[in-house]
Each structure stands twice: as structure tokens, then as C-alpha cells.
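The block underneath contains the structure these notes are about, expressed in C-alpha cells.
The values are calculated or read from the model by the stated rules, or taken from the named source; none is laboratory data. This one's a predicted model, so the numbers in the text were calculated from it and none came from an experiment. As a convention, Cβ positions derive from the backbone with ideal geometry for all residues, glycine included, and neighbour counts pool all protein chains shown. Heads up: the accessible areas ignore ligands, DNA and RNA and are worked out on the full protein's heavy atoms, side chains in. Shrake-Rupley method; radii C 1.70, N 1.55, O 1.52, S 1.80 Å.
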Amino acid sequence: MKRPLLAWLEARFNLTEMFSLLTGFGLFPSELDTRRPLGEAIDEALRRPLPSYARWPRVLGLLSFILFLFVGLTGILLAFYYQPTASEAFGSVTTIVRDVNFGWFVHQTHRWGAMALLGMLLVRLWRFFVQGLYKPPREAIWIVAVLTFLVATHADLTGRLLVWDSRGYWTTVRAVEILFMLPGLGPLFAALIGGTDIDSLVLTRFYVLHALVLPAFLLVLFYLHFSSVRRVGLSSASGTGHTGRASYRVYLYNLLILTVLIFGGLITLATLLPERFGIPADPLSTLPGARPPWYLLAAH
């Protein structure tokens with residue numbers, strides 16, 4: 001017999017269709033028949049061989065998505081106190097780090113999580129290229145992986161300016177100078193961010209891009225990645241996996257272990273290697289040795 005609350009909800013909502021969204025992000029490793037009730041659909045899915053995203057080297061996609069969720073969560077917490085104006089940005093970040101309970105911890109783990117996400121996406125691209133996973137029928141997965149890395153670099157670039165310290169400001173200046181020189185895309189980029197001078201208007205638009213637009217694009221790209229993987233199958237798979245609830249529990253345990261390891265690693269980095277705070281940005285005083293982020297050094 002179904003529990004009364006579950007039966008009431010299934011009579012009014014398609015719970016199976018709602019739960020099936022998890023399959024689009026690798027959190028449930030099999031597709032569901034959305035025409036069936038939730039319990040029946042899960043039982044039917046568990047009777048099929050279950051693929052595993054939590055084994056090397058296929059784990060890189062799942063690790064990237066977990067990092068994305070962690071960075072998004074810490075970003076939301078920071079947004080509660082952040083003020084995206086040139087006059088208040090540096091002061092609001094200082095308040096977060098100095099006065100808000102565990103604010104320094106959230107700020108540092110957000111920074112290290114973003115760096116780890118970029119590194120993970122780059123390693124995943126390297127793996128796809130070396131193993132030839134850009135060939136049919138996986139060319140869509142390769143295209144999505146490239147776009148995911150490019151969008152993540154833009155998210156990183158827009159986030160560097162938000163602190164509004166001298167290093168972040170002049171790093172952004174050097175980066176946008178390169179982007180403005182791109183034929184065709186340079187003027188479009190300038191129009192998108194509000195001009196060629198880094199001022200309060202550009203800061204506000206960077207904040208909107210960093211907090212809303214680019215994370216939405218990344219979420220869609222992760223969904224497309226796992227959707228394509230479900231369609232064409234996992235790479236380097238010797239078998240499709242075991243069946244049954246015991247196999248799914250092992251998958252959940254692996255997912256939990258990965259999450260704990262990522263969280264522990266970010267805590268270690270935030271504690272032992274915290275980012276040093278600089279001075280407020282001064283557009284009239286160039287920071288010596290300022291250069292663009294590492295992913296733009298080749299163009300520089």
C-alpha cells in the first residue's frame with residue numbers, strides 16, 4: 001500500500017517526471033518511464049543494468065557537476081551580503097570575510113571550488129581528445145564539453161572583478177583588452193558588458209552574468225552532456241553494470257564518498273592556502289605585473 005501523502009501527490013503531480021530530471025544530471029544512473037508511478041518506474045529501472053558514472057575516468061563529468069553545485073551554493077550564500085556597485089563592492093566583500101559568521105570560509109571555498117571546476121573541465125577535455133571521444137557518435141559530447149569549458153572561463157572572468165580589489169580589477173582590464181581586439185566579437189562583447197571602460201555599470205553586468213546567466217548556461221550544458229551519455233552509452237565501459245537496489249546503493253555510496261572528498265579537499269585548501277586580500281581597485285594606479293587569467297595567456 002502506498003503511503004497516503006505519496007498517493008495524494010502522485011494523483012496531482014507527475015512525480016516520476018520530476019524525479020527523472022535527476023537522471024539528466026547523473027544523480028540517478030538510469031532512465032525512468034515517466035508514464036508509470038514513481039515506485040514502479042524506479043523498480044523497473046533497477047531491473048536493468050545500471051551504468052556507473054562514478055568510476056575512473058568517467059567520474060570526471062560527475063565530479064565537475066558536484067563542483068558546480070558546490071560553487072553555486074556558496075555563491076548564493078555570498079550573494080546575500082554582496083553589493084554590486086563600485087563604491088560598495090570591496091566593502092561588502094570585506095564585511096563578508098571579516099564580520100559574517102563563516103563568511104571567510106564560504107568565500108575561500110567558493111574561490112577554490114571555482115578553480116577546481118575549471119581544472120576538472122580542462123582535464124576532461126584533455127581526456128576526450130586523447131581517447132578520441134570527439135569521433136561519431138560522441139561528437140555532440142565533445143562539442144558540449146568544449147562549450148562547458150568556455151562558459152566556465154567566462155564565469156571565472158566575471159567573478160574576478162566582483163571583489164573590486166586592485167588585482168581583480170587589473171586582471172579583468174588585461175583580459176577584456178584581449179577580448180576587445182577579437183574581430184567581430186570585440187564590439188559585441190563591449191556592447192554586452194556596457195562599454196570598454198571598467199566602471200560600476202560593467203561591474204553590475206558582470207554580476208548579473210556571473211550570478212544568473214552563465215550558471216544557467218552551465219546547468220543546461222551539464223544536462224545535455226548526461227543526456228547524450230545516456231543516449232550513446234558510457235565510454236571505456238567493459239560492461240553496463242549490475243542490476244538491483246544493492247547496485248544502486250553502491251552507486252549512492254560512491255557519490256557520497258566523492259562529495260565528501262571534494263568538500264574535504266576544498267576545506268583543506270581554504271584553510272592552508274587562503275586568498276590574500278588586496279587593496280581597493282584604483283583605475284588611476286596600474287598594478288605592476290598585472291596580466292590576464294591563465295586561459296588567456298596564449299592570446300596575450
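For the reader, a short list of remarks on this structure follows.
- Leu212 satisfies every condition listed in (1) modelled with pLDDT of 95 or more; (2) open to solvent by less than 70 Å² (accessible area, probe 1.4 Å) except (2).
- Subset of the stretch 39-53 [aliphatic (A, V, I, L, M) and either closer than 20 Å to Gly233 by Cα or within 29 Å of the chain's Cα centre (by Cα) (or both)]: Ile42, Ala45, Leu46, Leu50
- Verdict on Arg48 being more than 20 Å from Tyr253 (Cα to Cα) and open to solvent by 40 Å² or more (accessible area, probe 1.4 Å): no
- When Leu219, Leu203 are screened for being of a type in the set (A, V, I, L, M) and either open to solvent by 50 Å² or more (accessible area, probe 1.4 Å) or outside any helix (DSSP H, G or I) (or both), only Leu219 passes.
- Here Arg55 meets each of (1) open to solvent by less than 40 Å² (accessible area, probe 1.4 Å); (2) in a loop (DSSP other than H, G, I, E, B) with one exception, condition (1).
- The condition of being charged (D, E, K, R), in contact with a Lys or Arg (Cβ under 9 Å, 6 or more places away or on another chain) and not in a loop (DSSP other than H, G, I, E, B) holds for only one of Arg160, Arg127, Arg111, that being Arg160.
- Where Thr148 falls short, out of the listed (1) at pLDDT below 95; (2) surrounded by 20 or more Cβ atoms within 10 Å (Cβ to Cβ); (3) within 17 Å of the chain's Cα centre (by Cα): (1)
- Test for Leu62: is it assigned to a loop (DSSP other than H, G, I, E, B), open to solvent by less than 20 Å² (accessible area, probe 1.4 Å) and in contact with a helix residue (DSSP H, G or I) (Cβ under 8 Å, 6 or more places away or on another chain): no
- Odd one out for Phe105, checked against (1) in contact with a Ser or Thr (Cβ under 9 Å, 6 or more places away or on another chain); (2) closer than 30 Å to Arg231 by Cβ; (3) open to solvent by 30 Å² or more (accessible area, probe 1.4 Å): (2)
- When Phe129, Phe180, Phe80 are screened for being without any contact (Cβ under 8 Å) to a residue 24 or more places away in the chain, under 19 Å from Leu212 (Cα atoms) and open to solvent by 20 Å² or more (accessible area, probe 1.4 Å), only Phe80 passes.
- Taken over the stretch 66-83, the criterion of being more than 15 Å from Leu266 (Cα to Cα) and either in contact with a Cys (Cβ under 8 Å, 6 or more places away or on another chain) or in a helix (DSSP H, G or I) (or both) is satisfied by Ile76, Leu77, Leu78, Ala79.
- Qualifying residue in the stretch 116-123 (condition: assigned to a helix (DSSP H, G or I), in contact with a Phe, Trp or Tyr (Cβ under 8 Å, 6 or more places away or on another chain) and open to solvent by 20 Å² or more (accessible area, probe 1.4 Å)): yes
- Filtering the stretch 36-54 to residues that are without any contact (Cβ under 8 Å) to a residue 40 or more places away in the chain and of a type outside the set (Gly, Ala, Ser) leaves Arg36, Pro37, Leu38, Glu40, Ile42, Asp43, Glu44.
- Meets criteria (within 22 Å of the chain's Cα centre (by Cα), open to solvent by 30 Å² or more (accessible area, probe 1.4 Å), over 23 Å from Leu252 (Cβ atoms) and not acidic (Asp, Glu)) for Leu27: no
- Residue in the stretch 223-245 that is at pLDDT 90 or above and either of a type in the set (A, V, I, L, M, F, W, C) or open to solvent by 70 Å² or more (accessible area, probe 1.4 Å) (or both) present: yes
- For the stretch 270-300, the candidate set comprises residues that are outside any loop (DSSP other than H, G, I, E, B) and closer than 20 Å to Leu162 by Cβ; within that set, the residue that is least open to solvent (accessible area, probe 1.4 Å) is Ala270.
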